[in-house]
Amino acid sequence: MSTRTQTAPASASNAAPTAGVGRRSLILYSAGALIALVLFALMSPGGTATFRLSAASDAFQIPALAVPVTPAGWVIALLLVAGTAYVFSLRRAGRGVPGWVPAVFAVLFVSGVLIWMVAEATNPSISLLSLLTGTLALALPMVYGSMGGLLAERTGVVNIAIEGQLLLGAFAAALGGSLSGSLVGAMVSAAVGGVVVSSLLTLFAVKYQVNQIIVGVVLNVLVSGLTGFLFGTLLSGDAGLNSPPRMPNLPIPLLSEIPILGPLLFNQTVLGYLMFVVVAVLWVGLYKTRWGLRVRAVGEHPKAADTVGIKVNRTRVMNVLLGGAVAGLGGSFYTLVSVSQFSRDMTAGTGFIALAALIFGRWNPIGAFLASLLFGFATNLQYVLSQAGTEVPSHFLAMLPYVITILAVAGLVGASRAPAASGQPYTKD
């Protein structure tokens with residue numbers, strides 16, 4: 001009994017930073033503050049950036065938000081400089097960066113970029129509602145992918161194969177939906193597709209103890225080639241196997257008419273509503289239940305978990321399979337919501353961004369969800385700003401999600417620590 005109580009603090013310690021601020025983090029924070037000071041404040045284009053908060057069809061109209069560009073740029077730049085100074089003080093004190101610091105820093109910096117880019121556009125007015133709803137839609141597969149990766153990595157299995165799980169889930173949803181003509185059949189097929197990839201991952205990584213990173217990379221390449229081959233042989237002909245049913249939005253009466261929050265939260269597809277449920281259930285399960293304690297114990301100290309009767313490898317296999325089902329379900333977004341057919345490599349690297357969101361979110365369901373929203377925002381920003389006629393080159397806008405991904409995994413989150421046994425195979429003595 002005493003051994004059980006000893007494993008709980010070790011597994012729960014991942015929620016709090018334990019190491020000081022790294023040099024890379026200081027460089028990134030300093031670079032961000034410097035860019036903000038030069039770009040948003042000293043080189044401000046001036047004028048006013050207008051953000052529309054309501055659609056013309058909304059029952060309740062909210063006045064547009066007019067932001068004076070130069071004053072807003074100075075305020076954001078000074079706040080980022082103050083945040084960088086705070087991070088420096090944490091380093092001198094040998095303390096870690098609290099989780100809210102990178103989140104606030106990222107929100108302020110992205111807000112500054114948004115205001116600056118809108119001010120540079122030929123039509124300095126965008127619909128903030130469209131930007132937010134598009135953000136949530138584009139973040140949906142990233143959220144599912146990061147939740148699938150979290151389930152695996154919390155037990156110590158590195159899941160590089162999220163991209164493959166999403167892609168095979170999208171393919172299976174198209175095939176299963178076309179054969180059954182049912183959304184339920186399509187979603188079940190997508191989950192099964194993710195489980196197939198996870199089964200191969202557990203076979204080689206857990207049973208045969210092959211390097212988990214290599215296995216994940218190989219699986220991604222395998223799924224890309226397999227789905228490309230099957231697309232050419234099964235789905236591209238006249239058999240009608242690439243026409244799954246489209247998933248409609250299900251607005252909740254009255255609640256969907258609430259300004260801003262209504263379209264965001266209460267006018268979603270089944271996958272959209274289920275996304276919030278998955279994040280909430282995983283957070284409660286990991287931090288408030290015995291199952292979550294066992295999962296975290298396996299990921300932090302598998303030998304100690306084994307001594308108290310927890311079957312380490314069985315727990316890893318079950319979690320990786322469950323994570324594959326979640327990620328595969330997220331892949332169905334592409335063929336049931338985004339477009340109504342499958343195409344080659346249509347996930348376009350979303351699985352790797354989901355992995356970055358998992359790291360950025362510090363292996364926490366809520367943190368990974370918020371990080372996915374940030375990446376979805378950066379992805380949707382290029383489309384919204386292109387419509388507004390911004391002078392920023394389209395190639396730079398297309399790079400935004402990947403630039404943010406690189407900055408996130410390069411150390412912006414500070415002392416981010418993976419589960420201690422991550423990537424380490426376990427053999428029972």
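The values are calculated or read from the model by the stated rules, or taken from the named source; none is laboratory data. These numbers come from a predicted model, not from an experiment. Glycine gets a Cβ as well: all are built from the backbone with ideal geometry, and neighbour counts include every protein chain shown. Remember, those area values only see protein heavy atoms, side chains included, never the ligands or the DNA or RNA. Shrake-Rupley method; radii C 1.70, N 1.55, O 1.52, S 1.80 Å.
Of all residues in region 176-206, those satisfying the criterion of being open to solvent by 40 Å² or more (accessible area, probe 1.4 Å) and either free of Cβ contacts under 8 Å to residues at least 40 places away in the same chain or in contact with a helix residue (DSSP H, G or I) (Cβ under 8 Å, 6 or more places away or on another chain) (or both) are 179, 180, 183, 184, 188, 192, 195, 196, 199, 200, 203, 204. With respect to the conditions (1) surrounded by fewer than 20 Cβ atoms within 10 Å (Cβ to Cβ); (2) touching a residue at least 60 places away in the same chain (Cβ under 8 Å); (3) under 20 Å from residue 227 (Cα atoms), residue 322 lacks only one, and its number is (3). Go through (1) modelled with pLDDT of 95 or more; (2) open to solvent by 30 Å² or more (accessible area, probe 1.4 Å) and name the single condition residue 285 misses. Every condition holds for residue 285 apart from (2).
State yes or no: is residue 241 over 30 Å from residue 266 (Cα atoms), in a helix (DSSP H, G or I) and open to solvent by 20 Å² or more (accessible area, probe 1.4 Å)? So residue 241 does not fit the description; no.
Counting just the residues of region 328-342 that are open to solvent by 10 Å² or more (accessible area, probe 1.4 Å) and not hydroxyl-bearing (Ser, Thr, Tyr), which one comes out nearest to residue 227 (Cα to Cα)? It would help to see each step written out before you state the result.
Step one: of region 328-342, the residues open to solvent by 10 Å² or more (accessible area, probe 1.4 Å) are 329, 333-334, 337-341.
From what is left, the residues that are not hydroxyl-bearing (Ser, Thr, Tyr) are 329, 333, 337, 339, 341.
Working: 329: 16, 333: 16, 337: 19, 339: 17, 341: 13 Å.
Looking at residues that are open to solvent by 10 Å² or more (accessible area, probe 1.4 Å) and not hydroxyl-bearing (Ser, Thr, Tyr), I get 341.
Among the residues examined, residue 253 qualifies as more than 24 Å from residue 329 (Cβ to Cβ), at pLDDT below 95, assigned to a loop (DSSP other than H, G, I, E, B) and not hydroxyl-bearing (Ser, Thr, Tyr). What pairs come out if I take residues in region 147-172 that are open to solvent by less than 10 Å² (accessible area, probe 1.4 Å) and pair them with residues that are assigned to a helix (DSSP H, G or I) and aromatic (Phe, Trp, Tyr) whose C-beta lies under 6 Å away, six or more apart or interchain? Pairs found: 170/334. Count of region 53-85 residues, restricted to those that are open to solvent by less than 40 Å² (accessible area, probe 1.4 Å), modelled with pLDDT of 85 or more and aliphatic (A, V, I, L, M), is 6. Against the test of being touching a residue at least 40 places away in the same chain (Cβ under 8 Å), at positive phi and not polar (S, T, N, Q), the options 362, 344 yield a single qualifying residue, 362.
Taking the stated definitions as given, is residue 392 open to solvent by less than 30 Å² (accessible area, probe 1.4 Å), outside any helix (DSSP H, G or I), in contact with a helix residue (DSSP H, G or I) (Cβ under 9 Å, 6 or more places away or on another chain) and not hydroxyl-bearing (Ser, Thr, Tyr)? Yes: the conditions hold for residue 392.
Among the conditions (1) surrounded by fewer than 21 Cβ atoms within 10 Å (Cβ to Cβ); (2) under 30 Å from residue 251 (Cβ atoms); (3) in contact with a helix residue (DSSP H, G or I) (Cβ under 7 Å, 6 or more places away or on another chain), residue 88 misses just one, which is (2).
Can you confirm whether region 165-184 contains a residue that is part of a helix (DSSP H, G or I) and closer than 20 Å to residue 425 by Cβ?
No, every residue in region 165-184 fails to be part of a helix (DSSP H, G or I) and closer than 20 Å to residue 425 by Cβ.
Of everything listed in (1) open to solvent by 50 Å² or more (accessible area, probe 1.4 Å); (2) outside any loop (DSSP other than H, G, I, E, B); (3) of a type in the set (Ser, Thr, Tyr), the single unmet condition for residue 50 is (1).
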